[in-house]
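FYI, it's all coordinate maths here, none of it is from the lab. Treat the numbers as computed from the prediction; the structure is a model and nothing was measured. Cβ: placed from backbone, ideal geometry, glycine included. Neighbour counts: every protein chain shown.
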Amino acid sequence: MTKRRILYVIENASFGGGEKSFAELINGVSGELDVYAACGVKEPFCGLIKNAAEIIPFDLSRYNLLNIPALAAVVKKHSIDIVHSQGARADFYAALASRLAGARHISTVAMPVEGFDVGPLRRAVYGAFSRLGESMTDRIIVVSGALEKFMVEKHGLAPGKVSVIPNGVDADRFETAVPDKELAAKYGLSGKWVVGCAARLVWQKGLEYLIEAMSVLREKDGALYDRTVCVIAGEGEREKSLRDLIAMRGLEGKVILAGFTPNVPAFLKTLDVFVMPSLREGQPIALLEAMAAGKPVVATKIEGITGTVTDGKDALLVPPANPGALAGAILKLAKDEDMVQALSRNARKKVSELFSMKSFVSRHLGIYSDLYDRIYAASVFRPRLEDASHNPPAVISGAWSVRGKRKILLRHRDDDAGSACHQGRLPRLLAGVAHHRSFQGFGRGYRGDRQSSFRSHTLSLCRAHRSLQVIPHATGAARREV
């Protein structure tokens, strides 16, 4: 039987936690679904998904309203059932294109527009587009309970429209990794106490405070400072300003901007302490990866981080934008090996139990399945000639309201109604209709002696769904009865 089809839409102008998470999801669901990806043709994202999805080159780097009909054409051409997007522009285009093409739309929000590092005017424009897209989106996935509360309270979304799926990591891949020998040799890290992180070089990551913390460490404990090196792996728009700050503080050779690293597990294994000085986060993938690698974590006490780790149990948390507090936490770990071991052990355990990649993928598949059942109920599956078995056993051929109650007219297809019922398809169809907002349909009517069988099955099933009043035959008399 032909697999159901999903289209992922993402800008991927840069490669951070959101892009990495989407790539992991695409690879995770590829065995269950036919997967397509509309995205910029950039590495490493495309390289990570090339064996799991059909890549459709699509430029989402600028707001261009022509992208909406173009994306809708992609949805129709490939008979896409569900579109899943991430990122402000991608969400806006995908929501409107899905509506035009008759597909369902899901948006993953790792960071709402209010958290963007842009001016007030651009933020207002982004906000307007975001609200419009959200009004046409079937489900919004967020990565934390704090974000769920924000989207409900600040964006006015119905609680049932927002689902929380925390990010996940493949813990085994990080736990079994070995240190990056080439990196250690290049920067002379052998015998040093190495602190650092993997992050995009952008404002939200607060990396200037980590650099300043090294200056504070020099003042607090010269001996520890002498054997400490800070390594930051990543690329981004603030690279020049960070290099200027390193030079201004005289930290050349002590704070290293190592650029993009393709092997994050090996990089993390090279560190002795992972430091996350972020100012704003959704739920950072890099934090989960460091925990999986068994590294003691120093991080800022902000939403997104506090929902992932517990201060003193699996991380040390400090106030944001506070170099002195960062330096103090680093110094504390340097002098307490028992604490290092306890934090590392607890962090690994938490990742394995709460943030596994298996759970991450499974929960997404659950949401897709729910929306597929609603699609099925509304008969918006487009028939595929190569697989007649994909067509539903029954379709809704009409819907109308009488005295405030929805009435639905079902028609039976050519396949055997009794068999369809026994396979559980018709119950799912009726269950989906019970909470669907609008109805669309098509069909050919009944064929001969199958009408009575289909009628009896339908009537009995409808008794379980009291919100429905279904007329299981397509005659004028049926409409008059309603």
Response to the item:
Residues R131, R348 in order from fewest to most other beta-carbon atoms within 10 Å are R131, R348
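When the dipole is taken about the Cα centre of region 228-332, and only Lys, Arg (+1) and Asp, Glu (-1) are charged at their Cβ, what size is it in debye, to the nearest 20? Don't skip to the end; give the middle numbers.
Details: 11 positive and 11 negative charges, 48 e Å.
That gives region 228-332 a dipole magnitude of about 240 debye.
Rounded to the nearest 0.05, what FRET efficiency do W203 and L100 have when you use their Cβ-Cβ distance and R0 = 30 Å? Don't skip to the end; give the middle numbers.
On the way: r = 36 Å, r/R0 = 1.19.
FRET efficiency, W203 to L100: 0.25.
Going highest first, how would you order 356-367, 78-89 by mean Cβ packing within 10 Å? Can you show the working numbers first?
Values: 356-367: 16.6, 78-89: 23.8.
With the highest mean Cβ count within 10 Å placed first, the list reads 78-89, 356-367.
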Item to complete: Return, ordered by residue number, the residues of region 212-237 whose backbone nitrogen is under 20 Å from a label point located 7 Å along Cα→Cβ of K335.
Response: 213-229
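If we sort 93-99, 220-226, 112-118, 15-21 on the protection proxy, mean other Cβ atoms within 10 Å, highest first, what's the order?
Working: 93-99: 26.4, 220-226: 13.6, 112-118: 15.7, 15-21: 21.6.
Ranked from most to least packed, the peptides come out as 93-99, 15-21, 112-118, 220-226.
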Response to the item:
Shape call for region 171-355, from the Cα gyration tensor axes a ≥ b ≥ c (a/c under 1.5 means rounded, otherwise prolate when a/b beats b/c, else oblate), comes out rounded
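Express in nm, to one decimal, how much length is gained between K192 and S369 on full extension, taking 0.36 nm for each residue of separation and deducting their alpha carbon distance. Could the numbers behind the result be given before it?
Numbers: separation 177, 0.36 × 177 = 63.72 nm, distance 5.05 nm.
Extending this stretch completely gives an extra 58.7 nm.
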